[in-house]
Each structure stands twice: as C-alpha cells, then as structure tokens.
Amino acid sequence: MAPFRLMTWNVEKLLRVGDQGGPTTQAQLDAKLASLAQVIDTQQPDVLALQEIGHPDMLAALQHQLAHQLPHHQLSAHPDQRGIRVALLSRLP
C-alpha cells in the first residue's frame, strides 16, 4: 500500500499586495509564495488543507509556484469578515 500524505497549514494571511494586513511590496509577496512553495514541495502532500487564504488569485499564485503539482482545489465560497478563506488542494480528483 502506498503512503498517503496529508498536510495542513495556516499560511498566515496569504493576501495580495496592498490588501489590509498583506504585503506592502511585490517582492515581499514573491518571497512568501516561494517560501510556502518550498516547504510544500519538500513535504509533497497528496492533500493539503490551507487556512488564511485571501483573494482566490492568491491560491492560484501559490499553485503556480509549486513543483509538486496539486491541480485539484476547492476554495471556500464564503470568506470571513476580513476576506479570508480556507482551501483544499489535492493531487487526486
């Protein structure tokens, strides 16, 4: 039986540049995305649960950074009052 890897991570306000509480420069956002992707790529989860995702573009930006592809995703449709959501990424449909 093949091992199954599940990972969960509060990514602490993955927000767009200029969003309240988000990075102030594109360089800061790029560094955060690269750092998150490096850890995820190292762990190579089959399923990844994420907390504190801002705008849906941020989930897409993170997926784009990943060498370890997690192409299937679900993002909560109802953000909290801050615009923050949870997301689920998966290697499998």
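Bear in mind these aren't lab numbers, they're just calculated from the coordinates by the rules spelled out. Everything numeric in this text was worked out from a predicted model, so none of it was measured. Cβ coordinates were reconstructed from backbone atoms using ideal geometry, including for glycine residues, and neighbour counts include every protein chain displayed.
One table, with the values for the structure above:
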{"read-out": "Full-stretch length increase - residue 92, residue 77 - with 0.36 nm per residue and alpha-carbon distance subtracted", "value": "3.3 nm"}
{"read-out": "DSSP-defined antiparallel bridges as percent of all bridges, the chain, nearest 5", "value": "60"}
{"read-out": "In nm, spacing of pseudo-spin labels at residue 69 and residue 49 (7 Å Cα→C-beta vector)", "value": "2.6"}
{"read-out": "For segment 11-93, the fraction of alpha-carbon pairs in successive 5 Å shells from zero, as %", "value": "3, 16, 28, 26, 17, 9, 2, 0"}
{"read-out": "Degrees separating the helix 56-65 axis from the principal Cα axis of the chain, which is the longest one", "value": "50"}
{"read-out": "Within the chain, helix-based [θ] at 222 nm, where runs of 4 or more DSSP H residues each add -39,500 (n - 2.57), nearest 500", "value": "-9500 deg cm²/dmol"}
{"read-out": "Extension reserve of the residue 60-residue 34 stretch, reckoned as 0.36 nm per residue once the Cα distance is removed", "value": "8.0 nm"}
{"read-out": "Lys, Arg +1 and Asp, Glu -1 on Cβ, resulting dipole of the chain about Cα centre, debye, nearest 20", "value": "80"}
{"read-out": "Crossing angle, helix 26-43 versus the chain [Cα axis fit, 0-90 degrees, rounded to tens]", "value": "20"}
